Amino acid sequence: MTVCLLAREKFFRHLRDVCQSGYKVSIDKVLGHLSKSGKVKEDHVRSLFFGDYMQSERVYDEVTDLRDLHRNMEQYVVTAFLLLLNDFVSE
C-alpha cells in the first residue's frame with residue numbers, strides 16, 4: 001500500500017468517527033447520496049466538490065451538477081473579460 005492510500009484511508013476513518021462522535025450522525029446518512037448503495041466508502045468522499053459559485057447568494061455548498069458548474073464558470077470568465085475590456089477601453 002502506498003503512503004497516499006494509507007493517508008486517505010486514515011482521513012476517511014477520522015471523518016467517519018468525527019461525524020459519529022461529534023455530530024451523532026452516521027456518515028452514510030450525511031453523504032449517502034454519493035453511493036448507489038447508500039454505504040459511503042473512502043472513494044465516494046473523493047468525489048465531493050464544494051464552492052461558492054453556484055448561486056447568486058455566494059453560498060458555500062456542495063456542487064452536485066457539473067454542467068451547471070461549467071455554465072457558471074463560463075459566465076464568470078465572460079463577465080471578467082468584459083469588465084477588463086471595459087477598463088482597458090475607458091483608460
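Computed from the coordinates by the stated procedures, all read-outs in this text should not be read as laboratory data. These numbers were taken from a predicted model, which means no experiment stands behind them. Here the Cβ positions follow ideal geometry from the backbone for every residue, glycine too, while neighbour counts run over all protein chains shown.
List of remarks:
- Efficiency of FRET from Cβ geometry, Glu42 and Val78, R₀ 35 Å, rounded to 0.05: 0.40
- One equal scatterer on each Cα of segment 1-48, no solvent, Debye formula: the resulting log10 I(q)/I(0) at q = 0.22, 0.25 Å⁻¹ is -0.76, -0.91.
- For the chain, the relative contact order is 13 percent, taking Cα pairs closer than 8 Å that sit 6 or more residues apart in sequence and dividing their mean separation by the residue count.
- P(r) tail for the chain: Cα pairs beyond 22 Å make up 50% of the total.
- Taking other residues whose beta carbon is less than 12 angstrom from the beta carbon of Ala7, and scoring Lys, Arg as +1 and Asp, Glu as -1, yields +1.
- Axis of helix 3-23 versus longest Cα principal axis of the chain: the two differ by about 80°, to the nearest ten degrees.
- The chain: angle of helix 66-90 to the longest principal axis, Cα-based, in degrees nearest 10: 30
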